[in-house]
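The values are calculated or read from the model by the stated rules, or taken from the named source; none is laboratory data. Computed from a predicted structure; not experimentally measured. In this analysis, Cβ positions are derived from the backbone assuming ideal geometry, glycine residues included, and neighbour counts consider all displayed protein chains. Protein only, heavy atoms only, side chains kept; ligands, DNA and RNA dropped before computing areas. Shrake-Rupley method; radii C 1.70, N 1.55, O 1.52, S 1.80 Å.
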Amino acid sequence: MRLRSPWHPHLPPGDTPPAERLADALAGDILGEKLDAGDRLPAHRDLAWQLGIGVGSVTRAYAMLERRGLVRSVRGRGMFVASRPGGSGQMIDLSANMPPPMFGNRALARTLGRLAHTVDPALFNVYPPVAGHIEHRRIMGHWLAELGVDMPPDRLLLTSGAQQALGVAVSVCRTVRTTAVTEELAYPGMLSLLRQAGLPPHGLPMDRHGLLPAPLDRMLQAHGPGQCVVYVTPTMHNPTTATMDRARRQDIVRICQAHDALIIEDDVYDCARDDLLPPLVTLAPDRTFYVNSLSKTLSPGLRIGTLAPPARFMAAAREALLNSSLMIAPLSYAMMAQWMLDGTATSVRQALRGEAERRRGLALRILGPDLTPPAYDAFHAWMPMSMEQAADFVSAAAREDVRVTPLSPFVATPDTCGQGGIRLCLGPATLPDLTDALRRLRHVRTELHNSVT
């Protein structure tokens with residue numbers, strides 16, 4: 001076995017099947033560059049004996065890695081690490097909020113090869129239905145059901161990413177509401193959509209559980225019943241990672257119901273079902289526009305989002321989607337269906353959870369108390385600090401060749417924003433580059449702190 005340094009495969013503890021835990025551990029070693037392209041993995045029986053698991057578990061783990069394109073099988077010789085995507089440069093970019101690359105060249109080539117024999121030519125020969133093909137909506141419905149959102153396919157609209165889904169929701173809401181309310185820090189793309197629609201956002205205070213109920217109640221009461229739309233990200237809020245507990249979700253829904261406010265729920269970071277934290281749409285389906293996407297939980301290149309509007313707004317949402325003049329590429333439809341039907345999507349989603357946990361732990365170990373511990377595993381983290389310190393931090397990080405996102409695009413209402421900080425995106429960089437970048441940022445934080453004291 002040709003290895004740059006001693007490597008010892010391991011099976012992390014857990015309740016999931018041994019094959020899934022082994023695949024996650026091996027993927028981490030490959031993406032973390034403990035294994036190099038061309039390295040040969042141990043034989044099935046040798047690894048099974050070493051780890052004390054069945055040979056079938058090793059076989060399934062290797063198959064999961066091969067579907068993702070991280071390894072390749074050479075007949076008569078064994079299983080080898082494939083070429084890894086990505087690479088490092090001088091500037092380490094922690095500003096792009098996306099998961100790490102999980103599909104290699106071989107996985108994509110294999111998928112395209114299968115599609116060449118199985119894809120329906122009708123996908124390419126006719127315009128798709130406005131809401132998406134019914135079979136694709138049914139597939140997306142199964143995917144959402146695993147997150148606790150049980151929605152029939154005729155209630156789903158497929159969109160070209162979450163951004164288009166949010167745009168459609170805003171387009172509908174602006175015809176029946178006059179005021180938009182958000183968290184004081186919110187997704188910049190949505191803030192831009194609201195301003196363009198003539199609904200300038202009113203940012204309200206937050207805590208570690210997200211939007212505070214009392215200020216929301218006062219705001220909705222001040223504007224009167226039936227006047228407001230409330231945009232929230234209940235799980236792994238962008239940028240602060242705040243996650244609403246069950247009580248907070250119930251409070252937000254209760255207040256919106258009392259003042260007849262509509263809700264736009266951005267759920268793109270939810271990749272694991274948690275029955276203790278139900279999506280808002282399950283608590284208030286009659287007033288919630290639910291948005292999800294595959295970009296954050298599967299692959300950034302798979303620009304397929306979904307919008308589930310309240311039933312009474314379905315016709316208006318379909319019309320807004322048609323008028324947006326954007327459509328999902330037929331090849332994206334076909335790849336989504338292939339990956340979900342052959343198990344690739346489920347395998348990648350499980351692997352992403354493990355990778356997010358690994359990177360979250362790395363960030364917490366290096367940055368310690370400077371980082372807000374996120375409640376969920378995703379690929380962004382939050383360093384709270386004043387707005388003035390945040391501006392200085394961006395410049396100082398750039399001098400250390402680390403790019404982070406400025407705070408200003410996230411601020412809904414500049415005059416009333418009460419908190420600041422820096423969002424760190426943990427996904428795109430390789431583990432060695434991420435480790436290096438986080439250590440540089442620890443140095444930046446220490447230097448800035450010393451300059452103040």
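Okay, here's what the table says:
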item: Per-region count, segment 300-320, residues touching a residue at least 12 places away in the same chain (Cβ under 8 Å) and either open to solvent by 10 Å² or more (accessible area, probe 1.4 Å) or of a type in the set (Gly, Ala, Ser) (or both); result: 12
item: Residue tally, condition among the charged types (D, E, K, R) and more than 17 Å from residue 266 (Cβ to Cβ), over segment 296-320; result: 3
item: Selection from segment 335-355 of residues that are acidic (Asp, Glu) and over 18 Å from the mean Cα position of the chain (by Cα); result: 342
item: Matching residues, segment 224-250, being within 28 Å of residue 409 (Cα to Cα) and either among the aliphatic types (A, V, I, L, M) or not in a loop (DSSP other than H, G, I, E, B) (or both); result: 228, 229, 230, 231, 232, 236, 242, 244, 248, 249
item: Unique residue being closer than 23 Å to residue 240 by Cβ, out of contact with any Cys (no Cβ under 9 Å at 6 or more places or on another chain) and aliphatic (A, V, I, L, M) when the list is 277, 307; result: 277
item: Conditions (1) surrounded by fewer than 24 Cβ atoms within 10 Å (Cβ to Cβ); (2) touching a Lys or Arg at 6+ places or on another chain (Cβ under 8 Å); number of the one not met by residue 256; result: (1)
item: The listed residue being open to solvent by 10 Å² or more (accessible area, probe 1.4 Å) and at pLDDT below 95, out of 215, 200; result: 200
item: Test: residue 297 is among the β-branched types (Val, Ile, Thr), surrounded by 18 or more Cβ atoms within 10 Å (Cβ to Cβ) and not in a strand (DSSP E or B); result: yes
